[in-house]
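Chemist: Pasting a structure below so you can have a look.
Taken together, the values in this text are just the output of simple stated rules run on the coordinates, not laboratory data. Because the structure is a prediction, the values reported are computed rather than measured. Cβ placement follows ideal geometry from the backbone for every residue including glycine, while neighbour counts extend to all protein chains displayed.
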Amino acid sequence: MIKAVLLLSGGLDSALAGKVVIDMGIEVYAFSAISPFCRCTPGDAGCEQSVAMAKQLNIPEKLVSIKDEYLEIVKNPKHGWGKGVNPCVDCRILLFKKAKEFMEKIGASFLITGEVLGQRPKSQHFETMKLIDREAGVEGIVLRPLSAKLLEPTIAEKNGWVDREKLLSIKGRSRKPQLEMALKFGLRDYACGGSGCLLTDPVFSRRAKDAINHGEFNMKNIPLLTRGRHFRLPGGARFVVGRNKKENEIFSRFAQRYILVASDGVPTATGVIMKTPSEEDKKIASSIILRYSAAPPGKNPVLILSAGAKEMVVAEKISEELLEKLRI
Ligand code: SF4
């Protein structure tokens, strides 16, 4: 029996693409890459959406965690970023290369994706798809069932493994044809899809660009970039201030960092300076913490804790103008 590898995201399109090919009698294996930038299931938990979708399709799934290579393409994408720090073209190339390795390992003959021509601004244009296939070394072996009739026949069609007549000619951003197919196939719970990528988020992207420019973009710092209010102190250190009780608790556990709280028993946010600060930076960070505390106007004490040491700094609340200048 002919085998194929489906790049399964957990979104609807890849599931539909898989279903079309499964129904033609091909033995389909799902392949899902877990990205450190997935908002649905961060960390190493595995992509719950894709696991659930593989179960619905009743096919085996291979989950692969990609970290360092992902970080590198985000920092330095050959084909550039989209609107955020999303290196979609490089990301697809990397994914296709990994899927091809898996395909060869299990003796499968082609790849299947849920891509729809013209659906995404950057990575799903005809010429871009060709470029991605070329650079990933998968030319002619990627079947895109949802748009296949608008594309050149692939090895799967040429060899008669799949019936081109039963493939589709969907294009553009409308979701109507896919929703109708989902109903027909009885597929459900496909909420995540492409919107789950943190790299397209404007706030995360702004912070990520700043972190890249300051050599701070690494696996350890990524969770931090999704939390708190961020400021760049004049001496160069990043200062992060909790926005709520949960973030304050998380930041107060950064024992080796410089943790700041307004003292004198006033309700206060917790802030963390991410590297050794200058005396001036301590003062400015203190004035920021006071801005996010219930301290009265005028001079107030701020407690700075670092690796067991305690220090008291007296400062005044920062002006809104300077605050905005320092905000990342
Ligand atoms: S949106 Fe994110 S996961 Fe999707 S192709 Fe772009 S970078 Fe990759």
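Chemist: Largest first and in whole Å, give the semi-axes of segment 227-326's equivalent ellipsoid, each being the square root of 5 times a Cα gyration tensor eigenvalue. Write out the running numbers ahead of the final one.
Modeler: On the way: eigenvalues 55, 47, 39 Å².
In descending order the semi-axes read 17, 15, 14 Å.
Chemist: Charges at C-beta only: +1 for Lys and Arg, -1 for Asp and Glu. How large is the resulting dipole of the chain about its Cα centre, in Debye rounded to 20? Show your work: numbers first, answer last.
Modeler: Working: 51 positive and 37 negative charges, 100 e Å.
Computed about the Cα centre, the dipole is about 480 debye.
Chemist: Taking K3 as the anchor, which lysines have their alpha carbon closer than 25 Å to its alpha carbon, excluding any fewer than eight residues away along the same chain?
Modeler: In chain and number order, the partners are K19, K55, K62, K97, K98, K100, K105, K130, K149, K158, K166, K184.
Chemist: Report the extension gain between K83 and I66 in nm, rounded to one decimal, defined as 0.36 nm multiplied by the number of residues separating them, less their alpha carbon distance.
Modeler: Details: separation 17, 0.36 × 17 = 6.12 nm, distance 2.24 nm.
Full extension of this stretch gives 3.9 nm more.
Chemist: Of G236, L322, A295, which is farthest towards the positive pole of segment 227-326's charge dipole, taken about the Cα centre with +1 and -1 on the beta-carbons of Lys, Arg and Asp, Glu respectively?
Modeler: G236
Chemist: I328's amide H: which non-local residues (gap 5+, or another chain) put their own amide H closer than 5 Å, with H modeled 1.01 Å from N in plane and none for Pro or chain starts?
Modeler: Correct list: H230, F231, R232.
Chemist: Can I ask one more? If you restrict to DSSP beta bridges whose two residues both lie in the chain, what percentage is antiparallel, to the nearest 5?
Modeler: Working: 25 of 41 bridges.
Taking every DSSP beta bridge with both residues in the chain, the antiparallel ones total about 60 percent.
Chemist: Longer than 18 Å from Cα to Cα, which of K220/K282; K283/K325; K75/K220 are they? Say none if no pair is. Let's see the in-between values first.
Modeler: Numbers: K220/K282 23 Å; K283/K325 16 Å; K75/K220 15 Å.
Correct reply: K220/K282.
Chemist: Quick one: if you take sqrt(5λ) for each eigenvalue of the C-alpha gyration tensor of the chain, what semi-axes come out, biggest first, whole angstrom?
Modeler: Details: eigenvalues 489, 64, 56 Å².
Rounded to whole Å, the semi-axes are 49, 18, 17.
Chemist: Cα centroid distance between segment 215-278 and segment 38-113, in Å?
Modeler: After rounding, the separation between the Cα centres reads 32 Å.
Chemist: Along the principal axes of its C-alpha atoms, what lengths does segment 1-81 span, in descending order and rounded to whole Å?
Modeler: That gives 42, 26, 20 Å along the principal axes, largest extent first.
Chemist: Can you list the aspartates and glutamates whose alpha carbon sits under 19 Å from that of K310, skipping same-chain ones fewer than 8 residues off?
Modeler: E249, D264, E279, E280, D281
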